[in-house]
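The values are calculated or read from the model by the stated rules, or taken from the named source; none is laboratory data. On a predicted model such as this, the values are computed, not experimentally measured, just so you know. Backbone-built Cβ (ideal geometry, glycine too); neighbour counts: all protein chains shown.
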Ligand SMILES: Nc1ncnc2c1ncn2[C@@H]1O[C@H](COP(=O)(O)OP(=O)(O)OP(=O)(O)O)[C@@H](O)[C@H]1O
Ligand code: SF4
Ligand SMILES: [Mg+2]
């Protein structure tokens, strides 16, 4: 059960408006081929039936171990890869199979920030050329010229506008990620998918970049999907969090519900790995250590995909796939024997 306080918070935050992005049953299966004839012998089910919505102005955190399909989900949302199944609706437009020429104008509205601030910036181009490129590519007229527009963007992300003519190698990792963010903001996107935006940075500067993203969101009315390995990175920035495992969503809930009352065993295990700053919290949570490796998405376990590593797994978990259902208001879980939940009938 929710505490009255958290139920109240959920009621206040409950969005009544149309989602900016709605993803339904989204799937991406990469074919695996063999021999000269490239006969298909299997498929990597990188994303395998994922559904969620993102509302204007909110941040959805997308979390899970390496290889669970986070980046592929981000690339599907922004239509950088073609879905195998399901649908992507952006601002009411079904963009699932929209041709590249029709999708071009929408590209401005959906931007992706990448993990690596080193390889994503061309070392031979000045910061001015990099941040100004989107204006040139999209043929956008700026009121006082591209240079002025770029300098405004540099100032917005906390860089010195006078450093317009410098090259990427003259900046630190954190500053380069700021350059990447400035480039992303050039076209005033509505949705930004930030794929592990701070994981390549020193821990000491990760918080600064997360804070910058938060400030920019408030100032520019941005909507984010923030991808991370680790639940601690998205804790402060997310309104809601989705936990992925082997191409599927295991749990999706308001931030506070997910961290305080995790219901999926996998989320519990991920949270156990997160250092808990509050010593009272440390005492109250049992540590669960995840055993073994993530199975291959080429041949995922039948029924519940977490069953090979779950300490609660029973026969039904290996035979009947648990559907993602709302076990509490705005709290979806895919598990036959959820945690922190009065006993429910399996299946
Ligand atoms: N172009 C591709 N062709 C074949 N398989 C792919 C391709 N892109 C991704 N995959 C596979 O799909 C699965 C999901 O990959 P993805 O990059 O989406 O995971 P991720 O959650 O972002 O992982 P990480 O945390 O390591 O970035 C992995 O098994 C990966 O090897
Ligand atoms: S359905 Fe079963 S195996 Fe899967 S997470 Fe729940 S208890 Fe564990
Ligand atoms: Mg990734």
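Is there any pair linking a residue in the range 71-91 that is over 16 Å from residue 247 (Cα atoms) to one that is surrounded by fewer than 17 Cβ atoms within 10 Å (Cβ to Cβ), with Cβ under 6 Å and at least six apart or on different chains, and which?
79/103
Residues that are assigned by TED's automatic domain parsing to the domain that holds residue 220 and either surrounded by fewer than 22 Cβ atoms within 10 Å (Cβ to Cβ) or at pLDDT below 95 (or both): list the strands (runs of 3 or more DSSP E) wholly contained in the range 33-111 that include at least 1 such residues. Let's see the steps before the verdict.
On the way: elements: 39-55, 59-63, 85-90.
Output list reads 39-55, 85-90.
Among the residues of the range 318-328, what is the count of those that are over 13 Å from residue 251 (Cα atoms) and either within 16 Å of ligand 1 (Cβ to nearest atom) or touching a residue at least 24 places away in the same chain (Cβ under 8 Å) (or both)?
Looking only at the range 318-328, we keep the residues that are over 13 Å from residue 251 (Cα atoms), and these are 318-321.
Then drop every residue that is not either within 16 Å of ligand 1 (Cβ to nearest atom) or touching a residue at least 24 places away in the same chain (Cβ under 8 Å) (or both), which leaves 320.
Residues meeting the conditions: 1.
Within the range 116-128, does at least one residue satisfy the condition of being touching a strand residue (DSSP E or B) at 6+ places or on another chain (Cβ under 8 Å), in contact (Cβ under 8 Å) with a residue 24 or more places away in the chain and assigned to a helix (DSSP H, G or I)?
Our first condition is that a residue be touching a strand residue (DSSP E or B) at 6+ places or on another chain (Cβ under 8 Å); within the range 116-128, this holds for none.
The answer is no, given that none of the residues of the range 116-128 is touching a strand residue (DSSP E or B) at 6+ places or on another chain (Cβ under 8 Å), in contact (Cβ under 8 Å) with a residue 24 or more places away in the chain and assigned to a helix (DSSP H, G or I).
For the range 190-211, what are the residues that are under 25 Å from residue 107 (Cα atoms) and either part of a strand (DSSP E or B) or in contact with a helix residue (DSSP H, G or I) (Cβ under 7 Å, 6 or more places away or on another chain) (or both)?
Selection gives 191, 192, 193, 194, 195, 197, 198, 209.
Restricting the search to the range 291-305, which residues are away from ligand 1 (no atom under 15 Å from the Cβ) and closer than 22 Å to residue 45 by Cα? Give the derivation first.
Applying the first criterion (away from ligand 1 (no atom under 15 Å from the Cβ)) to the range 291-305 yields 291-292, 302-304.
Once the filter is applied, which keeps residues that are away from ligand 1 (no atom under 15 Å from the Cβ) and closer than 22 Å to residue 45 by Cα, the range 291-305 yields 292, 302, 303, 304.
Per-residue answers, yes or no, for (1) modelled with pLDDT under 90; (2) in the same structural domain as residue 86 (by TED's automatic domain parsing); (3) crowded, with 19+ Cβ neighbours inside 10 Å; (4) not in a loop (DSSP other than H, G, I, E, B):
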{"site": "238", "(1), (2), (3), (4)": "no, yes, yes, no"}
{"site": "274", "(1), (2), (3), (4)": "yes, yes, no, no"}
{"site": "281", "(1), (2), (3), (4)": "yes, yes, no, yes"}
{"site": "290", "(1), (2), (3), (4)": "yes, yes, no, no"}
{"site": "297", "(1), (2), (3), (4)": "no, yes, yes, no"}
{"site": "302", "(1), (2), (3), (4)": "no, yes, no, no"}
{"site": "308", "(1), (2), (3), (4)": "no, yes, no, no"}
{"site": "323", "(1), (2), (3), (4)": "no, yes, no, no"}
